[in-house]
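Accompanying notes for the structure given below.
The values are calculated or read from the model by the stated rules, or taken from the named source; none is laboratory data. Small disclaimer: the values here were computed from a predicted structure and weren't measured. FYI the Cβ positions are ideal-geometry reconstructions off the backbone, even for glycines, and counts take in every protein chain you see.
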Amino acid sequence: MPFSEEWLLSGHSTIKATCVQYRLVVRDVNTLQILHLYTCLDQIVHMEWSSDSLFILCAMYKRGLVQVWSLEQPDWYCKIDEGSIGLVSSRWSPDGRHILNTTEFHLRVTVWSLCTKAVSYIKYPKACQKGIDFSRDGCYMALAERRDCRDYVSVFVCDDWHLLRHFETETQDLAGVEWSPNGCVLAVWDSCLEYKVLLYSLDGRLLSTFSAYEWSLGIKSLAWSPSSQFLAIGSYDGKVRILNHITWKKVTEFDHPASINNTKAVVYKEVERKPVVGSADLSIQQHITMGSTLFNTQSKYEICPLPVQVPVVKPDLDRANPKVGVSSMAFSSDNRYLATKNDNMACVVWVWDMQRLGLLAVLEQTSAVRCFQWDPRRPRLALCTGNAKLYLWSPAGCVSVQVPAEGGFQVQSVTWHCSGDSLILLGKEQLCLCYMEVGEEEEEDDDVK
Amino acid sequence: MPESSLEIKDTSCSSSRYRMSSLRQYSQSSVLPLPMTRNPYTMPTISAFCTEDNVSECISYINREVSSLGFPLLCTESNNGPELNLVAVLNNVYNLLQLHRRCLQTVEDIEVEQVKSNSNMDYLQLSNTRLKDQLELSKRENTGLLERERQLQLKVKSLHNCLKNEKEEVQKLQSIIASRATQYNHDMKRKEREFGKLKERLNQLLIDKKDKKQTFEVLNYVGRSDGKRSLWKTGKTEARHEGEMYKTLLNDYDSRHKDLLMENAELKKVLQQMKRDMVTILSPRKPSQSGEKHDDSLEQTSSEEDEVCDSSRESLELSCEHAREQLTNSIRQQWRRLKSHVERLDSQASLVGERANMNAIPKEVHEEEMDRLKLEIQQYKDFIHTQQQLLQQQLNSPCDDETASLLNDCYMQEEKERLKEDWKSFEEKRKNFEAERRNFTEAAIRLSHERKAFEEDRATWLKHQFLNLTPFGDQMKPQMSKSQSALSGWAESEVRPMSTPAKLNKSLSHTAFSTSRASPAKTPSTADLYRTHRLIPEKSPSTIHPKQDSSILRNDDVPAQLRHVNGGANCRAYTFTGDRIGSI
């Protein structure tokens, strides 16, 4: 049975939407009661809440269709048909009243207004890693463009889609644009063939250029700290470089060595435990959950004595997009910690202390880390490795939590509720809502099927 | 044969003995070749030389021989032929023997030398062969090495060639890569341009296309999220947007500026504090160290410091460049001073260390002493330990009755002594108690005496009273005065203690103790006494007693003090009397 599932938490956090094939189901987060049920014209590929949680956008790329539903007025509808020009991506503008559709072949970006039914076109959008970025306050949009084999960046005012600035960037092949959280600096980076980060002011002035090395694969990921104070650049050489916001020079460099002998770091190693073997001497915190069946091996964390050898996968460098380098980075909400993952050490998540500018903790999992995300309120990191467990890290320690679900529930990704009180674990066919309580975790699973 | 030897002898000079001996040897060997080669010392050959028959010839022969060899002649010519001179013969024989011995000695020496040289030669030959072998070997090695060198050189050459080839290859490849890159870039640009054109075209076509256009269906329009109406696009909007943009930028810069200012202020504060600390650290020590010699410089520095302080104070408020410079300069200056100071301290410390080294000898002595003392302590400790052990052993062994009894005796002795002491103290206490008791009994006896006297007094007094009541009052008057005289006597006696109150108090305190014991027996009587004293004036207020008393007292020129006592405080007067009774 063809099955697709999308789910999203609304920005205002009381409602959650899930969609199964043609149907869109909106539920209350706390009670999981169905609030609304909408039926779309085709299989929903993409779904997105508007910023004020009043509308839901459902995109059906194959048909070039976008349908919008209102929560306030269930009988209100909106349908956008891009026609034969096609559709590859659809998204809300930050005000939740405009929809930006990118057509096939990136011919243009169409901006549809729900307020005035007005349509605007933006030509020459560049197909790249991150071609569009809205500033955090929703005022400005930066769009990467490609004209005559040159890269340009256009800054639009989201209010009325007025083109504020348009400037050429000194990049070979622009890969992405990202606003600083305060919306005043735009980071632009080149494709992986060249290590180059350009920092532009809101008014289009080039503030600084940073390049760590040449002749080797360059930037793989980029992350701003929530305070806009730091810009973390992860690259294919397995290092994270931190730039400061005053001089835009490198503050420090975090390496991901295969052998850890930093005495200030704590290495947590996940140890899978067969039910027979019952030595819990070294376990930091152990959660014996109810549904420990034969298939669910329990696991716990052990603190490894230094030095520790981290398993490293030798990547095949001859193939494109080799599994090497820092692919994901995330700052905690309080700017204190940075979590990183190096692709040739797929089982390991590194947590760095941004005050000390040093390694704080290393989480070595038994399987490859799929996804990690910080609690939006507290310094708490949730991660999943594609098995039936949820892993949480906080400065106090590390926990492995068994998801109490029948069958092979495999957590593919995790998302925090904006209050930090609950957590959605998404499996292949099920999703599980995990409610955090002070001092203990209590789970409740919800079979969508 | 002897001729030849003679000839030799003639030609050579017979001076040196060695030469002679060698010559003799030679002559001997030449004279007696056969026996000498086999065994030169065997007698038979000599005996064969001289027989009974040829003695004279032998003598003559020997004589000749001897004379030719330079020895004195053996025979003396006499008339009947040559006569053998025995002394000469013996001398010659002795000389010959001597010579012979010497010859043997030399032969031996020469033989030894011969052996030595032979062995030496052997050794030399051996070493020679060895060296030859070595030479051969090294020659072979040399050739091998040369061969290898040649080979290596060949290799190097080939490698050089290889390197050159590789370099050329690399260059070629690089040029190829470069050309490919340019080609690729060019192609890409071309493709991209084409792609762009195609996009344009597609866009155009799609826009022009009628059958499937973009559609937008909305039930009704929704309001803006901020609730405002959208504004018309005019020239003003652009300016507004620009303004807003610059506003946000300015805000950002403002906040950043503020942060930096705050940070700066903090840092300045830290600098100030550092400077102040430095000044406080440095200033009090200055005079003590630099002394009077550098007084002028000190003044200068202090003035500088003041200046510096002023400037820094200013700089805290003004953040202009000049002030900052001053502050940093002052800090630098202070720092330099601190550094020099620390260096000086360091050098002093090193000096002190040297001095300490100088004082090392007493220290050593001290240490020795310490060691000795420690050793002693250890010895004593051991001693104590052994003693303890012994004691323990003795205690532990129950069979040892003697020691047990001894120990018991010890304990008994101790106990006895303690008991004795206790006994003594008890004894003392007992004595004290007895003394007290005696005092009490004495006091009781005295009291009983007094009481008796008093009773008697009362009896007489009562009798008087009784008699006064009788019609024979006139007759009794002289008796009455007598009693009064008795009373006056009592009053007089009372005056005395009043004049010396301290003494009285003393006696009072003393008697208080004594009376407390005697009171049970005494109180009724005193109470009676009191009652009688009180009762009498009450019962007969008309009686002259108090007033009469006083008047009588006045008449007797008694001081007013007493009168007051008697009239005003009867009770006190009574106590006085009581006391007096006690003290009597």
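Some points to look at:
- Considering the range A:427-440, the residues that are assigned to a strand (DSSP E or B) and of a type in the set (D, E, K, R) include one that is nearest to A:VAL271 (Cα to Cα), namely A:GLU440.
- Matching residues in the range A:378-426 - criterion: being closer than 21 Å to A:TRP352 by Cβ, outside any loop (DSSP other than H, G, I, E, B), free of Cβ contacts under 8 Å to residues at least 60 places away in the same chain and not small (Gly, Ala, Ser): A:LEU381, A:LEU383, A:CYS384, A:LEU392, A:VAL414, A:TRP416
For every residue, the table says whether it meets (1) without any contact (Cβ under 8 Å) to a residue 24 or more places away in the chain; (2) buried (at least 20 other Cβ atoms within 10 Å of the Cβ); (3) away from chain B (no Cβ under 11 Å).
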| residue | (1), (2), (3) |
| --- | --- |
| A:VAL109 | no, yes, yes |
| A:LEU114 | no, yes, no |
| A:TYR121 | yes, no, no |
| A:LYS130 | no, no, yes |
| A:ASP133 | no, no, yes |
| A:MET141 | no, yes, yes |
| A:ARG150 | yes, no, no |
| A:ASP160 | yes, no, no |
| A:PHE167 | no, no, yes |
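- Whichever residue in the range A:84-107 is assigned to a strand (DSSP E or B) and among the small types (Gly, Ala, Ser) and, among such residues, is farthest from the other protein chains (Cβ to nearest Cβ): A:SER89
- Number of positions in the range A:288-313 that are at pLDDT 55 or above, in a loop (DSSP other than H, G, I, E, B) and over 13 Å from A:GLU272 (Cα atoms): 7
- Selection status of A:GLY183, more than 9 Å from every other protein chain (Cβ to nearest Cβ) and either small (Gly, Ala, Ser) or surrounded by 19 or more Cβ atoms within 10 Å (Cβ to Cβ) (or both): no
- Taken over the range A:69-83, residues that are under 12 Å from A:TRP49 (Cα atoms) and either basic (Lys, Arg) or at the interface with chain B (Cβ under 8 Å from one of its Cβ atoms) (or both) amount to 1.
- Among the residues of the range A:192-218, just one is surrounded by 15 or more Cβ atoms within 10 Å (Cβ to Cβ), within 14 Å of another protein chain (Cβ to nearest Cβ) and within 27 Å of A:LEU317 (Cβ to Cβ), namely A:GLU194.
- Selection count, the range A:349-367, where residues are part of a loop (DSSP other than H, G, I, E, B) and in contact with a strand residue (DSSP E or B) (Cβ under 8 Å, 6 or more places away or on another chain): 4
- Test for B:LEU69: is it within 24 Å of B:ASN54 (Cβ to Cβ) and loosely packed, with under 10 Cβ neighbours inside 10 Å: no
- Any chance A:ASP137 is in a loop (DSSP other than H, G, I, E, B) and away from chain B (no Cβ under 14 Å): no
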